[in-house]
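Comments concern the structure below.
The values are calculated or read from the model by the stated rules, or taken from the named source; none is laboratory data. This structure is a prediction, so every number in the text was calculated from the model and none was measured. Heads up, the Cβs are rebuilt from the backbone with ideal geometry, glycines too, and the neighbour counts pull from every protein chain shown.
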């Protein structure tokens with residue numbers, strides 16, 4: 001029987017040299033290109049959740065809580081590889097980034113560079129942060145929007161894009177499809 005990443009959890013947690021506050025810095029790197037996307041912090045719980053789910057989780061020191069990358073924006077990071085440096089005091093997560101990695105709407109967080117003695121912005125905004133973090137409609141509003149679209153004979157165009165258009169995350173996709181099927185819409 002093949003082992004899973006969670007089988008290594010005790011050894012991983014022992015190998016990580018958490019700081020006095022229980023954190024370790026993490027670098028997120030894009031699979032294939034090697035592009036550095038962001039840095040953040042993990043605690044024990046973030047490491048556990050990351051290895052258990054295959055979705056990268058971090059600890060937000062400003063919000064004082066665990067968060068899964070993309071939980072609001074949909075710009076998720078699927079874990080490809082989890083590496084610990086030689087001293088155990090830094091972690092590298094190699095990821096498959098979906099969408100942009102930076103909360104500013106840029107591909108990565110390293111969009112400022114010193115050029116000619118000045119600090120310059122060297123990367124463009126790809127997604128308006130207001131759109132990126134817009135609150136998805138409530139379940140009732142989603143249903144009303146879908147029914148309206150269905151009654152307007154737009155369901156063919158709507159159904160294919162519903163999970164994205166309504167802010168439904170991948171893990172909610174099955175529930176969403178079940179709700180759509182329960183509508184029993186006929187042409």
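Among the residues of region 66-92, the ones that are over 19 Å from the mean Cα position of the chain (by Cα) and touching a residue at least 40 places away in the same chain (Cβ under 8 Å) come to 5 in all.
With respect to the conditions (1) surrounded by 12 or more Cβ atoms within 10 Å (Cβ to Cβ); (2) in a strand (DSSP E or B); (3) not assigned by TED's automatic domain parsing to the domain that holds residue 28, residue 108 lacks only one, and its number is (2). For residue 96, the conditions (1) part of a loop (DSSP other than H, G, I, E, B); (2) modelled with pLDDT of 95 or more all hold with the exception of (1). I'd like to check something: does region 97-104 contain any residue that is assigned by TED's automatic domain parsing to the domain that holds residue 9, under 30 Å from residue 7 (Cα atoms) and surrounded by fewer than 13 Cβ atoms within 10 Å (Cβ to Cβ)? No: zero hits. If I filter region 1-18 down to residues being at pLDDT 95 or above and not in a helix (DSSP H, G or I), which single residue comes out as farthest from the chain's Cα centre (by Cα)? Out of the qualifying residues, it is 17. Of all residues in region 46-59, those that are surrounded by fewer than 18 Cβ atoms within 10 Å (Cβ to Cβ) and either touching a helix residue (DSSP H, G or I) at 6+ places or on another chain (Cβ under 8 Å) or modelled with pLDDT under 95 (or both) total 3.
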